[in-house]
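This report concerns only the one structure given below.
Each reported figure results from applying straightforward, stated rules to the coordinates on display, with no laboratory input. Being a predicted model, the structure only gives us computed values, none of them experimental. Counting neighbours? That spans all protein chains shown, and the Cβs are built from the backbone with ideal geometry, glycine included.
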Amino acid sequence: MLELNNLGRAKLLTKKRRGRGIGSGLGKTSGRGHKGQKARSGGYHKRGVGFEGGQVPLHRRLPKVGFVSRKSLLACQVCVKDLSKVEGEVIDFAAFLDQDIVNRNIKSIKIIASGELSKKVVLKIGNGLRITKGAVAIIEAAGGEVRE
């Protein structure tokens, strides 16, 4: 029979109830100690990564360094081995954009000699698509050709 002297512990009660009297063990200061920043509400707000106690932090003491040219965001390199991913026999600049091999913002692509080619391709260079001599040799060795 369920009586007040044999009640079970409530299963949902897992969190400690702070500030509910001395008998709880977490009364009065609720485990925060006396005064100071950590005792206040919102007291942890300036103690993030890089905070050095009010001293100017390292990331502000050091000078600004480096810069990324916007030109470099408009050009990219594609390896010869990536030509196998492009569908279709004839590959041109538009094929790279249509099949999401390169970003839409790219204005210039250079094919470089890296890796091996597993299929025969016809590459139309010009109009933003360039190629290295080594890449030409790899494509021709695989039975493909490079057109202007």
* **Efficiency of FRET from Cβ geometry, residue 59 and residue 116, R₀ 35 Å, rounded to 0.05** => 0.20
* Asked: For the modelled label position 7 Å from the Cα of residue 18 along Cα-to-Cβ, which residues of the stretch 29-71 have backbone nitrogen atoms closer than 18 Å?
  -> 29-48
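Can you compute the equivalent ellipsoid semi-axes for the chain, i.e. the square root of 5 times each eigenvalue of the Cα gyration tensor, sorted largest first and rounded to whole Å?
68, 28, 12
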* Kindly put 3, 140 in sequence by how many other C-beta atoms sit within 10 Å of each C-beta, fewest to most. => 3, 140
* Ranking of 14, 29, 132 by count of other Cβ atoms within 10 Å, fewest first -> 14, 29, 132
* To do: For the stretch 98-112, just list the computed ³J(HN,Hα) in residue order, Karplus coefficients 6.51, -1.76 and 1.60, θ = phi - 60°, integers in Hz, with x standing in for Gly and Pro.
  => 4, 9, 6, 6, 10, 5, 4, 7, 5, 10, 9, 10, 10, 8, 10
* Asked: So who's got an amide H within less than 5 Å of the one on residue 112, skipping anything under 5 residues away but keeping other chains? H placed 1.01 Å off N, in plane.
  -> 78, 79, 80
* Distance between modelled label sites at residue 30 and residue 141, nm, 7 Å Cα→Cβ extension -> 7.2 nm
